[in-house]
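A short worksheet on the structure shown next.
Values in this text are rule-based calculations from the coordinates and carry no lab data. Computed from a predicted model, the values in this text were never measured in an experiment. A quick note on method: Cβ atoms are made from the backbone with ideal geometry, for glycine too, and the neighbour counts reach across all protein chains shown.
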Amino acid sequence: MVAEMSTGTEFPQPESFSFDEESLKAIDTIVKRYPPGKQASAVIPLLYVVQRQMKRQTGSAWVPNKGMDAVAERLGMAPIRVYEVATFYFMFNMRPIGKFHLQVCGTTPCWLRGSDEVARACREAGKVGGYGQTSEDGLFTMTEVECLGGCVNAPILQVDDDYYEDMDYESTVKLIEALRRGERPAPGSVIGRQTSAPEGGPLTLLDVPGE
Amino acid sequence: MAKVTVDGIEVEVPNGVSVLQACEAAGKEIPRFCYHERLSVAGNCRMCLVEVEKAPKPIASCAYPVADGMKVFTDSPMVRNGRRGVMEFLLINHPLDCPICDQGGECDLQDQAMAFGSDASRYREEKRAVKDKYLGPLVKTIMNRCIQCTRCVRFATEVAGVPELGATNRGENMEIGTYVEKALTTELSGNLIDICPVGALTSRPYAFVSRPWELRKTDSVDVLDATGTNVRVDARAGEVLRILPRTNDDVNEEWMADRGRFAFDGLKRRRLDRPWVRKNGKLHPASWTEAFTAIAAGFAGRKLGAVVGDLVDAEAAVALRDLMAGLGSTHLECRMDGAAIDASRRDFYTFNTGIAGIEEADALLIIGSNPRLEAPVINARIRKRVATSGCPVGFIGPRGLNLTYAHDWLGEGGTTLKALVGGDHRFNEVLRAAKRPMLILGRGALARADGAAVLAAAWQVAAQNGMLQADWHGFNLLHQFGGQVAPLDLGFTTGIPADVQGLWLLGAEPPAMVPEGAFVVYQGHHGEAGAARADVILPGAAYTEKDATWVNTEGRVQRGRLAVYPPGEAREDWKVLRAASEVLGVRLPYDSLDAVRARLAEVNPVFAGPGFAAHGCTDTAGPVGDAAGVSDAAFASNILNYWQADVVSRASATMAECARTYLPQAAE
């Protein structure tokens, strides 16, 4: 089995990359957080800056090789050190993705609560072949991710940076359709749960002592 | 000091050393893959597990510091189980292709699997497959075999100073490579092959050539640069198949430069393998007797001179010197690059600090040399010093060179050197503040019209900035080839007069001013311009084909040994000269190698000893030359094409491939 890992060569890479004004502003703030001589610590936030800039400019949030080179140059690191970090973390997309990144949590709590149905809804409504694939219209890319830390409201579907919680097949289909229409439903629980309180409202601490 | 008990043996080791080192001090062998004593500790292979009393689990001894009173067990049931388990995991994804693997027979994984592995695999699933990577024309990769010890990554980053290798992706998908495909830009890439504990990185030219047990191993010395790298020449059936470095901490540690390692295929091509004599303007094959008779006739009654080249051993040089003396000539020369070297004192032309001495220096000035191309192993030593101590490096030469360490570019040439002699350059402050300052003067900087002035100026910088102390000699001349120092020791500096009528070229290019009609004898192993101009060609032996003495840039006298016999009728050079002397009527008085070596020691006593020992400088009187005469011209290294800098590498197909890869514009 040859692992399906990107080496950055199976698809066209942009010929150049330079930070735009918004990115440069963000970089200045980020790099200042680290003491002089330790700028390399900013590599992960800067890779996010690259990914967001690509999203702004091309609609696809990914990190091209030239973007990593730009980070390396900005932080005075060897490019390979940036490649190592970027390829290690799952959150950096090393190849172009669709306009919306559907990240289905498949870890045990979400799976027990029906993440398989959420994934099926993504495949059917989003017309995506499966994990790691992009729909033909270029709108949706599906990824299976590990625990998103929202187990109380499982299952979770993360779209780009937003969490949609308490999902099931129908709510996932509705969400995908809304995204397709260009709407962006409010993130959070889709069954009206207040943060991570019990379903249907609080069960304890109902009376306020002294009142 | 900490007292540690290893398997009941009590040893005392310095605080802070690892348990692994303590075990070695006690004579216990600890298996390891990722640990390498000259690289940083990674601790990721887990093969070096040992048991420590009161520790609940086995510990990785390479990354665990010793403590006083520690009791270590290296062969307990826990250790054996642990190592067997680690080995089983390592072998899960390792292919069982030892029969076709070039590392077979000298593979750490193979050896340690025999010692610590179990007899059968319990793994029934599919093995992972990894695409092979391209790392250049010298290193071949079979990445399925990689056990991800990251030695190569650490070597490239720490020793070679080219952070181009890395481990990308994660877990099961982790791969070693450059990510963006490129040939590694280092002159030390062959060492990756040596440090790889498995067959993932192997030698491309040596692929499927031989098994280690078929090879005859001869300890020798590399002469293709002036480092004097200690090597082992592996040969089979009269053919050199590979050259590997030997460990010598005073010279090359355990590294070797790529040209010395891979250029040997040039020894099989374009060789002179029989005598030739020019008759009616054309060279004709001849017998030795005919050749010698032709020389006797050609030299009769003429004004003679002799020139030795850059790859000539001391025995041949002394024999040539004696032959010329017998023929009444004292016109001897070895500085064919025109370097204005003053050979009146040995410390004017050697690397006095010593290569190991670089590790004591706390300020370094490089003048007109690119050590990365002229002596990659010495450059790695400088890099090591800079990386561990932050030793400041000032550099006079081309701007923007990547020397693999940070350097302060002071200027391009003579102007800057003169400013340093003046003493009010900003780098003078750095040098004066240092306790052990040193400078490295490139031989290339002397090979110009004002060479003598450059030499004198460099010496003045050394003298004025505290480099010449009673126990520290910080003046260093960096030569470029392994045969450049010995002839200086033997007095090949008297020069060739312009009206010379007969010339003996021993592995040397003809000087520009050979007069028309002069009778030229060329003796050597590769015929380039020298052979084309020659009236008589005598085939000689290359450095792997003779027992010979070489002097490196430090002045260290080292012995190379015969690994294979010279091809055809070629013979060891001193024997050729001895035979010629008979016909020329000035019989040389030695018939054995020992006698030649006795004669060497008689001419210059350094040949009787090691040649180099750490020394200071008490006589600060400088070489001849007027420092004020330095011109403003920029210094340029005379080695631009590292891969094809000498006759052997110019005949090498491997080196030609490297030149095509790394210097596409320079390749013909």
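Modelled spin labels at B:Ala613 and A:Ser196, positioned 7 Å past Cα toward Cβ, are 7.5 nm from each other.
Per residue of peptide B:297-308, the mean number of Cβ atoms on other chains within 10 Å of the residue Cβ is 0. Summing +1 for each Lys or Arg and -1 for each Asp or Glu among the other residues whose beta-carbon sits under 13 angstrom from that of B:Arg84 gives +1.
The Cα trace of the stretch A:21-88 gives Rg and Dmax of 11.3, 34 Å, the first to one decimal, the second as a whole number. Whole Å is fine, so just give me how far the alpha carbon centre of the stretch B:586-655 lies from that of the stretch A:92-159. Taking the Cα centre of the stretch A:92-159 as reference, the centre of the stretch B:586-655 is 70 Å away. Computed over neighbours whose Cβ is under 9 Å from that of B:His615, the net charge equals -2, Lys and Arg +1, Asp and Glu -1. Note on the protein assembly as shown: Cα Rg divided by 2.2 N^0.38 Å, N the number of residues, gives 1.17. Each peptide in B:275-288, A:151-164 receives the mean, over its residues, of other Cβ atoms within 10 Å, and ordering these scores from highest gives A:151-164, B:275-288. Taking label points 7 Å from Cα along the Cα-to-Cβ direction, A:Glu136 and B:Val41 give a separation of 5.9 nm.
For B:Arg426 and A:Lys25, the FRET efficiency from 1/(1 + (r/R0)^6), where r spans their Cβ atoms and R0 equals 41 Å, is about 0.65. Taking 0.36 nm per residue of sequence separation and removing the Cα-Cα distance, the B:Ser118/B:Val209 pair yields an extension gain of 29.7 nm. Ranked by the mean number of other Cβ atoms within 10 Å of their residues, highest first, the peptides B:602-608, B:522-528 come out as B:522-528, B:602-608. Residues considered: A:Pro45, A:Pro96, A:Pro109. Largest GNM mean-square fluctuation over chain A, using C-alpha springs under 10 Å, is found at A:Pro45.
Let me check I've understood the local charge: for B:Met47, count other residues with C-beta under 11 angstrom from its C-beta, Lys and Arg +1, Asp and Glu -1. What total comes out?
Numbers: positive: B:Arg32, B:Arg46, B:Arg83, B:Arg84; negative: B:Asp108.
Combined, the nearby Lys, Arg, Asp and Glu give +3.
For the listed peptides B:485-491, B:578-584, A:48-54, a ranking on the average number of other beta carbons within 10 Å per residue, highest first, reads B:485-491, A:48-54, B:578-584. Determine the dipole magnitude for the stretch B:123-214: charges of +1 sit on the beta-carbon of Lys and Arg, -1 on that of Asp and Glu, nothing else is charged, the reference point is the Cα centre, and the result goes in debye to the nearest 20. Computed charge dipole of the stretch B:123-214: roughly 220 debye. Mind checking the log10 I(q)/I(0) for the stretch B:583-661 at q = 0.13, 0.24 Å⁻¹? Debye, one equal scatterer per Cα, no solvent, two decimals. Taking Cα atoms of the stretch B:583-661 as identical point scatterers yields -1.00, -1.05. The mean number of partner chain beta-carbon atoms within 10 angstrom of a residue's beta-carbon across peptide A:80-91 is 5.
Legend: mean number of C-beta atoms from other chains within 10 angstrom of residue C-beta atoms, peptide B:163-175, equals 6. The Cα center of the stretch B:431-498 and the Cα center of the stretch A:20-62 differ in position by 50 Å. A straight chain from B:Ile9 to B:Ala470 at 0.36 nm per residue would run longer than the Cα-Cα distance by 161.6 nm. Rounded to two decimals, the Cα-based Rg/Rh of the stretch B:626-668, with Kirkwood Rh, is 1.25.
Just to be sure I understand the curve: with the Debye formula and one point per C-alpha of chain A, what is log10 I(q)/I(0) at q = 0.07, 0.11, 0.19 Å⁻¹? Scattering profile of chain A, log10 relative to I(0): -0.27, -0.63, -1.29. Computed from the C-beta positions of B:Arg561 and B:Ala634 and an R0 of 60 Å, the FRET efficiency is 0.90 to the nearest 0.05. For the pairs B:Lys131/B:Lys182; B:Lys3/B:Lys71; B:Lys282/B:Lys575; A:Lys38/B:Lys182; A:Lys66/B:Lys140; B:Lys384/B:Lys435, note any where the Cα-Cα span goes beyond 21 Å. Check vs 21 Å cut-off fails for B:Lys282/B:Lys575; A:Lys38/B:Lys182; A:Lys66/B:Lys140. In the stretch B:267-402, Rg over Rh equals 1.13, where Rg is the alpha-carbon radius of gyration and Rh the Kirkwood radius from pairwise Cα distances. The tail of the calculated P(r) for the stretch A:100-189 beyond 18 Å holds 32 percent of all Cα-Cα pairs. What's the center-to-center distance, using Cα atoms, between the stretch B:144-183 and the stretch B:341-365 in Å? With the stretch B:144-183 and the stretch B:341-365 each reduced to a Cα centre, they are spaced 36 Å. Once the C-beta distance of B:Gln501 and B:Gln665 is scaled by a Förster radius of 35 Å, the resulting FRET efficiency is 0.25 to the nearest 0.05. Compared with the direct C-alpha span, the chain from B:Lys131 to B:Arg270 gains 46.3 nm at full extension, assuming 0.36 nm per residue.
Computed over the alpha carbons of the stretch B:2-92, Rg followed by Dmax gives 12.3, 39 Å. The smallest convex shape that holds all Cα atoms of chain B, its convex hull, gives 172 Å³ per residue.
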